[in-house]
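In what follows, a single structure is set out as structure tokens and then discussed.
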Amino acid sequence: MLPFPHYPVRGYLCGQISRKQMSLVARVKEVSAAAINALYSANVTAGEVTISQTKPEFEGNYTVVLFALVKSLRKSPEALGQELGAYLVEQNPQLFTGFNVIKGFLNLTLTDAAIWAEMQQDEVENVSGDFGLGGDKARSKVMVEYSSPNTNKPLHLGHLRNNFLGWSVAEILKAAGNDVMKTCIVNDRGIHICKSMIAWQKLANGATPQSSGMKGDHFVGHYYVLFENELKTQTEPILDRLKNGKFDGLSDAQRVKAEAIYKNWANGDRKGEAAQKAVEGLKEIARAATPVMKEAQQMLVDWEAGKPEVMELWKRMNSWVYAGFDATYQRIGSDFDKTYYESNTYLLGRDIVQEGLDKGVFYRKEDGSVWIDLTADGLDEKLVLRKDGTSVYITQDMGLAEQKYGEFAYDHSLYVIADEQNYHMKVLQLILKKLGRPYADGIHHLSYGMVELPTGRMKSREGTVVDADDLVDEMVQVAEKETREHSKIDEFGQDELKELYETIALGALKFYLLHVDPKKKMLFNPEETIKFQGFTGPFVQYTHARIRSILRKAGESSFDASAATALLPKEKELLLFIEQYGSTVQQAASEYNPSIIANYAFTLAKTYNGFYAEHSVLNAESEEKKNLRLELCRRTSSVLKAAMALLGISVPERM
């Protein structure tokens, strides 16, 4: 994790609530640090004090974690907690009413007066705020790259996690007050698109997405699968010959490699892991030796040479894909400030290679290829330029990083890429550091785990991927079924219902893919995502709609915090949890982790439901309590809406 500035949060997103003074958590941290310094002549800052909400089973509202302070202050946790708690209560009677110490945790109980003062500082409804830093702090410039699709197939389930993660992180960083640029690099060249082009030439008979009634990206992806099917058919007899020691039809280089692999395989154990790898090696040679693969390779050569008819077909088929991508992006709510295309960037980086040679960072082998030796850094030797002078991916990435910095002068550059590329990203950053690039330390790989199916991993070659469009359609159908079973929809018009099903479906899907820490792999199960109870997006959406229904029934009401009565435990718990939204956004921004927001939204919804189950709102025991609880409803709905918006999720007014 790269160091990220922790700024004070000053307002709620979406113009709902703004924070003009220090939050309660910040106040507790500050007075705790001051108390420690006064008691023990220490030099502790507020940022070094860890505060959390007290667990429900213990008395208190906020908990100071003491363990990190024990060693430096030379105090046992119990003694430190007792001394610090007594001092805080005595010196801050307007803030604390009492304390208790349990196994290294100092639990503090806040006064109602402190909470009322906090409520009076909030301006609810129709207040503009951007969660920003205000005018007294410099913003960080952050570039977030995500999506990165190939133009030979439609977006799939894995792309959805990438898009939702990248978009949400960008929005969270904006909410924390940063200047954010969303970017996408489209992999629009290479052997993959040539495969689709060859298959279309051979099998389409001039068909187009329009004539076939297919979405453009699905249309091109269909021909990629057809190519792979033909490739598989042509590969099998060649592989059989190779496994029998027959190497006719191979190029000289292929023959040498195949003979070496065959020798080790034929003379060894044919059932072990090494044997399996040998067969895979022979299979790759067989694939490359097929007539259809040779045609695709020749098409790539012709593309790089700029052959007019190849370029025309490439542009035409890519245009079909882009139209399909645009429709999917619009539906799922993904957008970019700038899109880069590999066809425009793949030559970048060659000048950097020459600079690296001049500086002695790179070296040239006898065959003319250029390498960097990273063995001293715990990695290995890495090719940066082929012997024929053509670029490899790391060369392109060096050039693109340089171009991005020249255009945006970023402080931080986030690459949202699956964990399969962990090694590649380590190499990229290390090379740029050795070249002395000023932006190298700001590069961060937001690595995430792959999404897998109950039946195993998705494979594009075999056509077993879950297409994003098909998945959203299926989710809409499930949302309709669940809504009809669990909700009263008689008052809804057909257009409103259609919009509602789409909102629930996308909310369920986004929440499911974002509620897990990005680093963890996921097993996707559609039925788990869309339930109206449990840790799901629809549960949060339903809670918001429930609150809005209460507020509609209540009509206009006013709340005067200065005239409020004593807070009951559930009221205080809910209000204090709402108050933590700002620090939660800061944490999510500093860790690049939307799951923190998802967990917060779910817990807030659950906390509200616990409050509502215990206390009547519209039939409260007094007018003062009714107005207080309506105010809690307004604040909860505003924060739920803001939190879910950071995940790209809409919350309906009614369900």
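The values are calculated or read from the model by the stated rules, or taken from the named source; none is laboratory data. Small disclaimer: the values here were computed from a predicted structure and weren't measured. We place every Cβ from the backbone using ideal geometry, glycine too, and count neighbours over all the protein chains shown. Only protein heavy atoms, including side chains, enter the accessible area calculation; ligands, DNA and RNA are left aside. Shrake-Rupley method; radii C 1.70, N 1.55, O 1.52, S 1.80 Å.
No other residue among Q477, Q494 is under 31 Å from the mean Cα position of the chain (by Cα) and modelled with pLDDT of 90 or more apart from Q477.
Residue-level check: of (1) touching a residue at least 40 places away in the same chain (Cβ under 8 Å); (2) in contact with an Asp or Glu (Cβ under 9 Å, 6 or more places away or on another chain); (3) assigned to a helix (DSSP H, G or I), T607 misses just (1). Tallying residues that are open to solvent by 10 Å² or more (accessible area, probe 1.4 Å), closer than 14 Å to Y341 by Cα and among the small types (G, A, S) within the stretch 140-160 yields 1.
So, in the stretch 583-594, how many residues would count as being surrounded by fewer than 20 Cβ atoms within 10 Å (Cβ to Cβ) and touching a residue at least 40 places away in the same chain (Cβ under 8 Å)?
Looking only at the stretch 583-594, we keep the residues that are surrounded by fewer than 20 Cβ atoms within 10 Å (Cβ to Cβ), and these are 583, 587, 590-591.
If we keep only those that are touching a residue at least 40 places away in the same chain (Cβ under 8 Å) too, we end up with 583, 590-591.
Within the stretch 583-594, residues that are surrounded by fewer than 20 Cβ atoms within 10 Å (Cβ to Cβ) and touching a residue at least 40 places away in the same chain (Cβ under 8 Å) number 3.
Among the numbered conditions (1) in contact (Cβ under 8 Å) with a residue 60 or more places away in the chain; (2) open to solvent by less than 90 Å² (accessible area, probe 1.4 Å), the only one that P454 does not meet is (2). Listed conditions (1) farther than 30 Å from G378 by Cβ; (2) open to solvent by 10 Å² or more (accessible area, probe 1.4 Å); (3) not hydroxyl-bearing (S, T, Y) are all met by P438, apart from (1). Check whether at least one residue in the stretch 364-387 is open to solvent by less than 50 Å² (accessible area, probe 1.4 Å), within 21 Å of C184 (Cβ to Cβ), in contact with a strand residue (DSSP E or B) (Cβ under 9 Å, 6 or more places away or on another chain) and at pLDDT 95 or above, and report yes or no. Within the stretch 364-387, not a single residue is open to solvent by less than 50 Å² (accessible area, probe 1.4 Å), within 21 Å of C184 (Cβ to Cβ), in contact with a strand residue (DSSP E or B) (Cβ under 9 Å, 6 or more places away or on another chain) and at pLDDT 95 or above. Within the stretch 413-435, the set of residues being aliphatic (A, V, I, L, M), within 19 Å of the chain's Cα centre (by Cα) and open to solvent by less than 20 Å² (accessible area, probe 1.4 Å) comprises L414, V416, A418, M425. Tell me, yes or no, whether the stretch 503-511 has at least one residue that is out of contact with any strand residue (DSSP E or B) (no Cβ under 8 Å at 6 or more places or on another chain), open to solvent by 10 Å² or more (accessible area, probe 1.4 Å) and modelled with pLDDT under 95. Within the stretch 503-511, not a single residue is out of contact with any strand residue (DSSP E or B) (no Cβ under 8 Å at 6 or more places or on another chain), open to solvent by 10 Å² or more (accessible area, probe 1.4 Å) and modelled with pLDDT under 95.
Looking at the stretch 619-634 only, could you name the residues that are open to solvent by 60 Å² or more (accessible area, probe 1.4 Å) and under 15 Å from S557 (Cβ atoms)? Don't jump to the end; show me each part of the working.
As a first pass, look at the stretch 619-634 and keep what is open to solvent by 60 Å² or more (accessible area, probe 1.4 Å): 619, 621, 623-624.
Answer for the stretch 619-634, where residues must be open to solvent by 60 Å² or more (accessible area, probe 1.4 Å) and under 15 Å from S557 (Cβ atoms): N619, E623, E624.
If you go through the stretch 132-148 one residue at a time, how many are over 16 Å from H445 (Cβ atoms) and modelled with pLDDT of 95 or more? Steps first, please.
Step one: filter the stretch 132-148 for residues over 16 Å from H445 (Cβ atoms), giving 132-141.
Those left that are additionally modelled with pLDDT of 95 or more: 141.
Selection size over the stretch 132-148: 1.
When the test is whether a residue is open to solvent by 40 Å² or more (accessible area, probe 1.4 Å), touching a Gly at 6+ places or on another chain (Cβ under 7 Å) and under 30 Å from A505 (Cβ atoms), A327 does not pass it. For A260, the criteria (1) under 25 Å from H192 (Cβ atoms); (2) exposed (fewer than 13 other Cβ atoms within 10 Å of the Cβ); (3) of a type in the set (A, V, I, L, M) hold in every case but one, which is (1).
Residue-level analysis places V310 outside the set of residues that are open to solvent by 70 Å² or more (accessible area, probe 1.4 Å) and among the β-branched types (V, I, T).
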